Amino acid sequence: MLKVLTYDNISVAGLERLPRDRYEVASEIQHPDAILLRSHNLHGVPIPESVKAVGRAGAGVNNIPVAEYSKRGVPVFNAPGANANAVKELVIAGMLLAARNICEAWDYARQLEGGDDAIHRQVEKTKKKFAGFELAGKTLGVLGLGAIGVRVANAATSLGMHVSGYDPLLTVESAWQLSSSVARAASIDDLIAKVDFLTLHVPLNDQTRHLVNGARISIMRKGAVLLNFSRAGIVDDPRVIEALDSGHLHAYVCDFPSRAMLSHPRALVLPHLGASTVEAEENCAVLVADRVRDFLENGNIRYSVNFPDVVMSRTEGVRLGIANENVPKMVGQISGALADANLNILDLLNKSRGEVAYTLIDLNTEVPAETLNHIRGIKGVLSVRVI
Ligand SMILES: NC(=O)C1=CN([C@@H]2O[C@H](COP(=O)(O)OP(=O)(O)OC[C@H]3O[C@@H](n4cnc5c(N)ncnc54)[C@H](O)[C@@H]3O)[C@@H](O)[C@H]2O)C=CC1
Ligand SMILES: O=C(O)C(=O)COP(=O)(O)O
């Protein structure tokens, strides 16, 4: 039986991809072979020796110490794009909520007293307080044109907005999907200075932490709306609060509550709902469960965030999956150890990504324990599995 430890609310549709006759799946389990999670924070959590794979049923992996898992030869998988439509829809909703002052107006309407005639009179007298502005004709800046950013940009153009984007690492795939009417900003500052709405769709990492700082907020247009459905750390919260207080920003729409933001009347704070739709939860859980299963059962790696794609069709016999540091002479030493044991390699695939390399080797006979131990002892070998 393979054991999968789950954190968070993982969609049943995904868990069902792990058949119960071969998998034990539970939120408390000893010696797990794999971990499936959403936003649970794994930083500081010791990595059980038994763990061979981690699956993030979502996009962001900043809650996982990926580098530590790499050093242990453990691939981390995510579900790229699987929740992007859900986030896109909430971003569009966020722009509308801010532009039409919908939350304040709703709060006002809910506290109205008296009969229908009295309500009508009060509404017609007060509604001017909530008058807003339209999205059509306004300019949206999209920082980060990945799965979510591209969808937001394209949807906004079809709402009649002028859209510009900035992404120094734009992939060919994203470029193909992006509407040709989306303008290309020359830099972050160039993007930020010219927009009525700025929406952030970059991962949180050392390069993006506090990307939207006081200096950048100060070059935004007066009355602009900032939307953050990426991660709290990308924005410098105290500077945003100052800008809301001074009226420099009309509103801050974000998906990451903090004590200070929750109490600000111009901050529209949602409880991390971007990916919380039935569809997105299913898409993410199914995608990542399938990937983790293919890795556990076949050693194949597809769309990991720290390992190369390595997929080899299965032949009869025994398969070895070996993760190692991406340094010279590794494949030679590994195949040499197999040759010393008179083992015949049927098929072999080796790929690298950054500091990590991964090799799949198919053999027609069992590998003796001493040969496996020899391979495990080669300097630079991170993990060895017999599959
Ligand atoms: N609120 C929520 O529930 C959700 C939040 N997210 C957050 O949104 C982020 C983006 O998600 P996806 O679009 O699916 O990821 P993605 O990986 O498809 O796109 C990220 C894009 O950001 C770009 N990028 C990276 N550094 C940049 C920089 N310094 N400046 C400009 N662009 C930069 C990359 O080139 C890439 O195109 C996730 O990492 C996660 O933090 C994702 C899903 C749900
Ligand atoms: O996919 C992401 O990056 C998200 O932020 C979604 O988080 P969640 O799976 O809803 O906890």
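Every number here is computed from the coordinates shown, using simple stated rules; none is lab data. On a predicted model such as this, the values are computed, not experimentally measured, just so you know. All Cβ positions, even for glycine, are placed from backbone atoms using ideal geometry, and neighbour counts span all protein chains on display.
To make sure I understand the rule: partners must be aspartates and glutamates, Cα under 16 Å from the Cα of Lys71, and not fewer than 8 residues away in the same chain. Which ones qualify?
Output for Lys71: Glu49, Glu325, Glu355.
When the helix-only estimate is applied to the chain (DSSP H runs of n ≥ 4, each -39,500 (n - 2.57), divided by the residue count), what is the mean residue ellipticity at 222 nm, nearest 500 deg cm²/dmol? Spell out each step's value before the answer.
Working: 14 runs with 130 residues, N = 387.
Computed mean residue ellipticity for the chain: -9500 deg cm²/dmol.
Where both residues lie in the chain, what percent of DSSP beta bridges are antiparallel, nearest 5? Can you show the working numbers first?
Values: 23 of 60 bridges.
Here the antiparallel bridges make up roughly 40 percent for the chain.
Find how much the distance from Ala260 to Val123 grows on full extension, using 0.36 nm per residue of separation minus their present alpha carbon separation; answer in nm with one decimal. Mind showing how you got there, number by number?
On the way: separation 137, 0.36 × 137 = 49.32 nm, distance 3.12 nm.
Between Ala260 and Val123, full extension yields 46.2 nm more.
Mind jotting down the distance between the C-alpha centroids of segment 98-169 and segment 6-33, whole Å?
Cα centroid to Cα centroid, the span is 40 Å.
What is the order of Arg302, Arg293, fewest Cβ neighbours within 10 Å to most? Could the numbers behind the result be given before it?
Details: Arg302 15, Arg293 21.
Ranking Arg302, Arg293 by Cβ neighbours within 10 Å, fewest first, gives Arg302, Arg293.
What's the extension gain from Gln30 to Asp245 if we count 0.36 nm per residue and subtract their Cα-Cα distance?
Result: 72.3 nm gained on full extension.
Rounded to whole Hz and in sequence order, give me ³J(HN,Hα) for segment 81-94 from the Karplus expression 6.51 cos²θ - 1.76 cosθ + 1.60, θ = phi - 60°, writing x for Gly and Pro.
x, 6, 10, 5, 5, 4, 5, 3, 4, 6, 5, 4, 4, x
So between Thr365 and Asp189, what do we pick up on full extension, going 0.36 nm a residue minus the alpha carbon distance?
Details: separation 176, 0.36 × 176 = 63.36 nm, distance 6.02 nm.
So the extension gain works out to 57.3 nm.
Shape of segment 310-387 from its Cα gyration tensor (a ≥ b ≥ c, root eigenvalues): rounded if a/c is under 1.5, otherwise prolate when a/b > b/c, or oblate?
Verdict is oblate for segment 310-387.
Hey, in the GNM for the chain with a 10 angstrom Cα cutoff, which one of Gly299, Gly274, Gly160 fluctuates hardest?
Gly160
If r is the Cβ-Cβ distance from Glu68 to Leu96 and R0 is 51 Å, what FRET efficiency results, to the nearest 0.05?
Working: r = 41 Å, r/R0 = 0.81.
The computed FRET efficiency comes out at 0.80.
Amide H of Tyr23: which non-local residues (sequence gap of 5 or more, or other chain) have their own amide H closer than 5 Å, using H built in the peptide plane?
Leu2
What percent do you get for the relative contact order of segment 310-387 when only Cα pairs under 8 Å and 6+ apart count? Could the numbers behind the result be given before it?
Values: 138 pairs, mean separation 35.7, N = 78.
Averaging sequence separation for qualifying contacts and normalising by length gives 46 percent for segment 310-387.
With label points built 7 Å along Cα→Cβ from the Cα atoms of Asn205 and Arg314, find their separation and express it in nm.
Roughly 3.3 nm, to one decimal.
Taking the mean number of other Cβ atoms within 10 Å as a proxy for protection, how do you rank 67-73, 17-23 from highest to lowest?
Details: 67-73: 16.9, 17-23: 13.0.
Result, highest mean Cβ count within 10 Å first: 67-73, 17-23.
Straight-line reach from Lys125: which aspartates and glutamates have Cα under 19 Å away, leaving out those fewer than 8 places along the same chain?
Partners found: Glu104, Asp107, Glu113, Asp116, Asp117.
Near Lys138, which lysines are there with a Cα under 24 Å away, not counting those fewer than 8 places off in the same chain?
Lys88, Lys127, Lys128, Lys129, Lys194, Lys222
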